[in-house]
1. Which value at 222 nm does the chain reach when only helices count, each DSSP H run of 4 or more adding -39,500 (n - 2.57), with the total divided by all residues and rounded to the nearest 500 deg cm²/dmol?
2. Just subtract the alpha-carbon distance of Glu176 and Gln280 from 0.36 nm times their residue separation and send over the number in nm, one decimal.
3. Residue-wise, which Karplus ³J(HN,Hα) couplings in Hz belong to the stretch 17-33, taking 6.51 cos²θ - 1.76 cosθ + 1.60, θ = phi - 60°, and x for glycine or proline?
4. Using 0.36 nm per residue of separation minus the Cα-Cα distance, give me the extension gain between Gln56 and Glu211 in nm, one decimal.
5. Quick check for you: with a 1.4 Å probe and neighbouring chains kept, what is the accessible area per residue of the stretch 5-175, in Å²?
6. Ratio to report: Rg/Rh of the stretch 90-158, with Cα atoms as the point set and Rh obtained by the Kirkwood method; give two decimals.
7. Given a 1.4 angstrom probe, I'd like the percentage of the accessible area of the stretch 179-299 that is carbon and sulfur, rounded to a whole number.
8. For Arg73, what residues show an amide H to amide H distance below 5 Å, using hydrogens built from the backbone and excluding near sequence neighbours?
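The values are calculated or read from the model by the stated rules, or taken from the named source; none is laboratory data. This structure is a prediction, so every number in the text was calculated from the model and none was measured. Using ideal geometry, Cβ is built from the backbone for each residue, glycine included, and neighbour counts are taken over all protein chains shown. Protein only, heavy atoms only, side chains kept; ligands, DNA and RNA dropped before computing areas. Shrake-Rupley method; radii C 1.70, N 1.55, O 1.52, S 1.80 Å.
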Amino acid sequence: MSTTWHVLGAGSLGTLWATRLARAGLPVRLILRDTARLQAYEMAGGLTLVEHGEAQLYPVPAETPDGIEPINRLLVACKAYDAEKAVEQLAPRLSPGAELILLQNGLGSQDAVAAQVPQARCIYASSTEGAFRDSDWRVVFAGHGFTWLGDAGHPVAPIWLDDLSAAGIPHEWSTEILTRLWRKLALNCAINPLTVLHDCRNGGLLEHHCEVATLCGELTELLERCGQPAAAENLQQEVERVILATAANYSSMYQDVSNRRRTEISYLLGYACKASDRHQLNLPHLNQLQQRLIARLLSLGLPSD
Ligand code: NAP
């Protein structure tokens, strides 16, 4: 009998994973916030995944955090700012040796979760898959991509990667997951805040080449000082490549702001600025970028953390 995949958070990525795992015949249970959300979910009859324009309903069973079944495998699919609290509630249900897969963007939330559940193995993930909710319990699979998974403290791959293959979730075990997460964080810091401040698509940053280049210089210094030289390699070239390749897209932070949603700033630019303080690095443009972004979020009445 396969181990049940408990999926914490039935948002965009949680739904994308839960529906594909369930479709492959694997046991999946959703964990929703509270009874009100559970009732709303049950009224909807399941999760809907829209792929290539076709909607399919998956009646994945769901429960609230105070269920009693022990949890052996937990996919944490909340936003970075919700992950720690959401996992805290489930800590008493985690079996010894339970495994958690952390899908959060940026850095900081993974270590906070791992510190909270020392009895569990925490696997960090970095994904380029894209999905968005077009209504409650209904998610559109918008961009096919890839997910890297790894455990910095324990390089052996878990056997359940076979479940991901069976579910058609493109993935690879990475022994350098922290390098990947740092690289993605640096790309995000160089692009996303500027798209908010200049109110533009990613391609709009082609007109701000000098500003982008200055930030890349500071981010390179930061990555090297943080012991991540591989994540620093040719950063500016990759940032420029990403800006060109995604010129027509709005960044995730831009979309959060325009939809008046809380951003993950504390786990992206905020994490980078804290790390530079810790290393007593002087990175004036990065710090100024954070101040400008916070000021913009506050002026829009959005949380600045
Ligand atoms: P999302 O659509 O906002 O989904 C987050 C879900 O977590 C929501 O359904 C929310 O519940 C749920 N949640 C929060 N606290 C909870 C709690 N205590 N108990 C149970 N459920 C809880 O977010 P997302 O876009 O999937 O993003 C998740 C993470 O993946 C983020 O760090 C994001 O940056 C990263 N990521 C996303 C994508 C993407 O394409 N979406 C791609 C790569 C990486 P409610 O529905 O009740 O609010």
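1. Details: 12 runs with 133 residues, N = 305.
Mean residue ellipticity at 222 nm (helix-derived): -13000 deg cm²/dmol.
2. On the way: separation 104, 0.36 × 104 = 37.44 nm, distance 2.57 nm.
Taking 0.36 nm per residue and subtracting the Cα distance, the gain is 34.9 nm.
3. 6, 4, 5, 5, 5, 5, 4, 7, x, 8, x, 9, 9, 8, 10, 9, 3
4. 51.3 nm
5. About 43 Å² of surface per residue is accessible.
6. We get a ratio of 1.04 for the stretch 90-158.
7. Working: 2720 of 5780 Å².
Within the stretch 179-299, the accessible surface is 47 percent carbon and sulfur.
8. Close amide H contacts, sequence-distant or interchain: His6, Glu99.
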